[in-house]
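For reference, the structure is listed below as structure tokens.
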Amino acid sequence: MATCYRHPNRETGVSCSNCGRPICTSCMTPTSVGMRCPECARERTRVRTAASIGAGDPVVTYVLIGLNVAAFLGSLVGGSGVASRGGGSVIDHGALFGPAIANQHEYWRLITGAFLHAGLIHIGFNMYLLWILGGLLEPAIGHVRFAALYFVSLLGGSFGALLVSPHTLTVGASGAVFGLMGAAVVIMRARGFDPMASGIPALIVINLLFTFFFPGISIGGHIGGLIAGVVTGWALEQLGMRWRSLAIPLLVCLALAGGEVVGAIAAAGG
């Protein structure tokens, strides 16, 4: 059982919904997005105005959804679909593809591939899950940590996809979404909640079944994103209990992302 960061002699199963530090009943401040520690409660009160964006609004989630939708619309306007590789479409120049990364040094594909989608059902399903998971996670861990979690998961998915099938043209935010699902389970367990009650573990199992038993789905991308999300979620939660500053958690995320990029580039030439 964790102990309150301000009162080490008091055990508690509750953590601040912003920074993640354990807090006892004397230190809890109820808010619309969960219990806050005294420091986070004061910070929220100081910066919030009636017209401002609330701390609980999943702004990063909305931006990510907007970018994915914009990229999808751009791919429709820009020409051919995933299977064509005709040389002129947004998909052709942005999808994850090992030879283009290894031979033409088109490293942007490690990220842009995760903002492109193969069709309306593909993007619709991924954006629905991103909306649900972002609404759950972003208010709980904060905008910056959530953005870091998303991109580390995204890069983990790119690494996994290139490791398993470097010569396959791959698109989709599924790796990042799998990472969010994995992180959600880890964070809920760390904060004393039952992940099974949320339905997310069941959702992971169902999606893994689709991954392994339906053709055309990136096994490496999904597994890579899931592993990256679990590791990053654990790191953010554990570090959040020890450091108020964002510097240490972000440095860890940067190190993870750097390792994924190096691994992905190496795998692209496989």
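The numbers here are math on the coordinates, done by the rules we state, and not lab data. Since this is a predicted model, take the numbers as computed values, not measurements. With ideal geometry, Cβ positions are generated from the backbone for all residues, glycine too; neighbour counts draw on all protein chains shown.
Expressed as a fraction of 2.2 N^0.38 Å, the rule-of-thumb size for a compact globular protein of N residues, what is the C-alpha radius of gyration of the chain?
Numbers: Rg = 19.6 Å, N = 270, 2.2 N^0.38 = 18.5 Å.
Computed over Cα atoms of the chain, the ratio equals 1.06.
To the nearest 0.05, how large is the calculated FRET efficiency for W131 and W234 if R₀ is 25 Å and r is the Cβ-Cβ distance? Walk me through the numbers before you get to the answer.
On the way: r = 24 Å, r/R0 = 0.96.
The pair W131/W234 has a calculated efficiency of 0.55.
Expressed as a whole number of Å, what is the distance separating the alpha-carbon centroids of the range 129-169 and the range 198-270?
After rounding, the separation between the Cα centres reads 6 Å.
Express in nm, to one decimal, how much length is gained between Y62 and R189 on full extension, taking 0.36 nm for each residue of separation and deducting their alpha carbon distance. Write down the numbers at each step before the final one.
On the way: separation 127, 0.36 × 127 = 45.72 nm, distance 2.58 nm.
Value of the extension gain: 43.1 nm.
Given 0.36 nm per residue, what is the gain on full extension from L73 to V205 after removing their alpha carbon distance, in nm? Show your work: numbers first, answer last.
Values: separation 132, 0.36 × 132 = 47.52 nm, distance 3.06 nm.
In short, 44.5 nm is gained.
Dipole of the chain, Cα-centred, from +1 at each Lys and Arg C-beta and -1 at each Asp and Glu C-beta, to the nearest 20 debye?
Details: 15 positive and 10 negative charges, 162 e Å.
Dipole of the chain, to the nearest 20 debye: 780 debye.
Output the direction-averaged projected area (hull surface divided by four) of the convex hull of the alpha-carbon atoms of the range 132-257, in nm². Present the calculation step by step, with values, prior to reporting the outcome.
Working: hull surface 29.6 nm².
Computing the convex hull of the Cα atoms and averaging its projections yields 7.4 nm².
At 15 angstrom or more along the helix axis (alpha-carbon based) and mean Kyte-Doolittle of -1.0 or higher, what helices does the chain contain? Whole DSSP H runs only. Could you put the intermediate results ahead of the total?
Details: long enough: 59-78 (28 Å, 1.98); 120-141 (30 Å, 1.46); 143-164 (32 Å, 1.53); 174-190 (24 Å, 1.66); 200-213 (20 Å, 2.39); 219-240 (31 Å, 1.01); 247-268 (31 Å, 2.07).
Helix filter hits for the chain: 59-78, 120-141, 143-164, 174-190, 200-213, 219-240, 247-268.
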